[in-house]
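Here is the structure we will look at, set down as structure tokens.
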Amino acid sequence: MGEFLALLLSYYTCDAAAQTQQPLGGDRLACVDLYEEVKSFFAPLDEAPHGTPEWAAQRIETYVAFSAWEAENADLVAELRAQANASVD
């Protein structure tokens with residue numbers, strides 16, 4: 001869980017910076033990569049072939065699962081987001 005929380009903090013920090021600093025180029029791609037890595041913790045182990053309707057459905061399910069986790073852990077998410085915001089101010 002520690003690896004996930006560290007990754008999540010990095011993503012929230014990237015998100016906070018994007019809201020205030022408009023990252024360009026590689027920084028923006030790094031934020032996307034972090035987000036995809038965070039969501040991978042909620043993805044199925046047996047991913048459908050890329051570009052198929054099944055793959056698209058899995059992507060939606062993964063997003064929904066991550067969003068549900070954030071809602072279920074709202075206090076922790078708020079704490080991590082506060083840390084992230086403080087680091088970019």
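Things worth noting here:
- The residue of segment 41-58 that is nearest to residue 7 (Cα to Cα), among those that are touching a residue at least 12 places away in the same chain (Cβ under 8 Å) and open to solvent by 40 Å² or more (accessible area, probe 1.4 Å), is 41.
- Checking each residue in segment 10-27 for being at pLDDT 90 or above and open to solvent by 50 Å² or more (accessible area, probe 1.4 Å) picks out only 10.
- Test for residue 68: is it free of Cβ contacts under 8 Å to residues at least 40 places away in the same chain and surrounded by 11 or more Cβ atoms within 10 Å (Cβ to Cβ): yes
- Residue 30 meets all of the listed conditions (1) modelled with pLDDT under 90; (2) open to solvent by 60 Å² or more (accessible area, probe 1.4 Å) but one, namely (2).
The values are calculated or read from the model by the stated rules, or taken from the named source; none is laboratory data. Because the structure is predicted, anything quoted here is derived from the model rather than measured. Using ideal geometry, Cβ is built from the backbone for each residue, glycine included, and neighbour counts are taken over all protein chains shown. Just the protein is used for accessible areas: all its heavy atoms, side chains included, with ligands, DNA and RNA removed. Shrake-Rupley method; radii C 1.70, N 1.55, O 1.52, S 1.80 Å.
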